[in-house]
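Every read-out reported here was derived from the displayed coordinates using simple, explicitly stated rules and does not represent laboratory data. Being a predicted model, the structure only gives us computed values, none of them experimental. Note that each Cβ is placed from the backbone with ideal geometry, even for glycine, and that neighbours are counted across all protein chains shown.
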Amino acid sequence: MKRAIPVLVLSIAGLIPLWRYAPSPDTGPASSSAAGAAAPASTPSVSSSGGPTTTVVSGSTIDTEKGPVQVEVTFDGDEIASVRMLQQPNHPQTTAAVPKLIEETLQAQSAGIDTVSGATITSDGYKESLQAAIDARG
């Protein structure tokens, strides 16, 4: 009997976090970060003014566990000039990770970049959408 009360109290104390746990809101069907693209990459739009050709390409929308991820890449000639997020999960980790992902993309000039720690799912979706945009450009 002396041990039963502490065991009961500690068991209840251990269950309280489980009762209070609230999962993040689900914005779509749960799928792995390697999920297929929900929408095909858009066709490149090209504008020319006598100099290098500027091409803007949207990558595929990648459905991740945290939400959809989609990038838009602006190419200046053969270089990646800028990357913009069209869709991203509404999470603090994602908000912090996006500038790092864009910076690494501009340095690497490819989708072969490192995953941002703490935002692995978003990073994987970003890289997949980025690669789709690069592939769509040709």
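Starting from the amide H of PHE75, placed 1.01 Å from N in the peptide plane, find each other amide H under 5 Å away whose residue is 5 or more places distant or on another chain.
The answer is THR55, VAL56, VAL57, ALA81.
Using 7 Å Cα-to-Cβ label points, what is the ALA108/SER11 separation (nm, one decimal)?
Result: 5.0 nm between the two label points.
In whole Hz and in residue order, list the ³J(HN,Hα) couplings for the stretch 55-69 that follow from phi through the Karplus curve 6.51 cos²θ - 1.76 cosθ + 1.60, θ = phi - 60°; x for Gly and Pro.
10, 10, 10, 8, x, 5, 7, 9, 7, 10, 4, 8, x, x, 10
Which value, in debye to the nearest 20, describes the size of the charge dipole of the stretch 51-138 about its Cα centre when Lys and Arg Cβ atoms bear +1, Asp and Glu Cβ atoms bear -1, and nothing else is charged? Please list the in-between numbers first.
Values: 5 positive and 12 negative charges, 39 e Å.
That gives a dipole near 180 debye.
Counting Lys and Arg as +1 and Asp and Glu as -1, what is the net charge of the other residues whose Cβ lies under 14 Å from the Cβ of GLY112?
-4
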